[in-house]
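The structure appears right after this line, and notes come after that.
The values are calculated or read from the model by the stated rules, or taken from the named source; none is laboratory data. Bear in mind the structure is a predicted one, so any value in this text is a computation, not a measurement. Positions of Cβ are backbone-derived with ideal geometry, glycine not excepted, and every protein chain shown enters the neighbour counts.
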Amino acid sequence: MTHKKSSTIDVALRVATAMKQMGIEGLPRNYELVYEAYAGNNPGLVREFIALGKYKTQAGLDELGRKYLPHQHEASVLQRSAGAITNEMANFMDLLGQERASLSDYGRLIGEASQVIRNVSGMGEGALGTSLEALQRATELRVTHTAEMEKKVAAQSVVMDGIQKEMAEFEAMKFIDPPTKLGNRRAFNKALAGVYANAELPMLCGVAIAEVDAGRRFSPAQIEALSDHLVTFYGGLIRQVFPGEDLAVRFDGLRFGFLFHTGDEAEVLRLIDQLRNTFETVALRDPRTGRNLGHLTLSAGVCMADRADSALALSSACEQALAEARAGGGDRVVVHGPGESAASGRDWMLYRAS
């Protein structure tokens, strides 16, 4: 199997270095954009990123972000939604104003009719009949206007429900990987940043970056043909087996990330072994013929949070351990030991805990 260069070297450090060389400011949204461009999973993004030239402006980067990573600019989405809600509320207030004016006119007609009726003894039948007819017409208009008002309010309620649904879906999907229903890289980065939200007292946990060893069983052409099926099959397998209280995400291809909420290394390894055992017992089948394709294995690199001092160092240590596991033939778990040095450098934290 051929692997992208980004899957076998310290991608995070490489991206940080590239940003510095290109003079790109170390903003969270810039880091993610450059990371996705270097990962090469979106050819359109790669082409347009290169087209920005050697020195990229912030305006150009933000334009790409809005096109390919819209979650980065969720504030603008919320502003548009807020603007739509404001407009709908203004329309509703206008309707209420019309209703108030209509009620005022109706009240005036009722008052005039009442005055005529009170003075009926001094007036002819013609005047009384005219007044009653005017009251009847006002009543009919009032009923018609009220019905129209109900329709308009109902229509605006539908619009408001649609806006609320759109906002809820946006909020739910920005940290989800659609093919697998696991978390995505953004969810992983956010969780990793939360580990070091308190730099003096980082959260005790274990982190793993893993890759399915498809190359040990299939040729590159077979992997390409089965790509979508492999992603959904093993993503679903992970979702079924992985503990709900911990975090499992898909980065790209058949690469996954895990965050275990325990500081016990033995427990982290037990959970990873449980997942690997499932891989070895649940057979993969051809989606077209149903033929048994055997079993694929899983390689993983693990690092405990107390062996790194930043989100960047922690993910880098896991990447290095995974590269070692794969270099050893795959189907292995390598733990970043206390004697090894995690990558150092600036912490390009993608998300900061609030």
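Only one entry of V77, V15 meets the criterion of being modelled with pLDDT under 70, surrounded by 16 or more Cβ atoms within 10 Å (Cβ to Cβ) and part of a helix (DSSP H, G or I), and that entry is V77. Evaluated against (1) out of contact with any helix residue (DSSP H, G or I) (no Cβ under 7 Å at 6 or more places or on another chain); (2) crowded, with 19+ Cβ neighbours inside 10 Å, D264 falls short on exactly one condition, (2). Taking each residue of the range 50-66 that is free of Cβ contacts under 8 Å to residues at least 60 places away in the same chain and within 9 Å of N30 (Cβ to Cβ) and looking for partners that are surrounded by 15 or more Cβ atoms within 10 Å (Cβ to Cβ) and basic (K, R) with beta-carbon atoms closer than 6 Å, six or more apart or interchain, yields G65/R29.
Yes or no, residue by residue, for (1) assigned by TED's automatic domain parsing to the domain that holds D273; (2) closer than 19 Å to V268 by Cα; (3) surrounded by 15 or more Cβ atoms within 10 Å (Cβ to Cβ):
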{"residue": "V195", "(1), (2), (3)": "yes, yes, yes"}
{"residue": "L201", "(1), (2), (3)": "yes, no, no"}
{"residue": "L204", "(1), (2), (3)": "yes, yes, no"}
{"residue": "F233", "(1), (2), (3)": "yes, no, yes"}
{"residue": "V241", "(1), (2), (3)": "yes, yes, yes"}
{"residue": "V249", "(1), (2), (3)": "yes, yes, yes"}
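Restricting attention to the range 296-328, the residues being modelled with pLDDT under 90 and within 17 Å of D213 (Cβ to Cβ) number 1.
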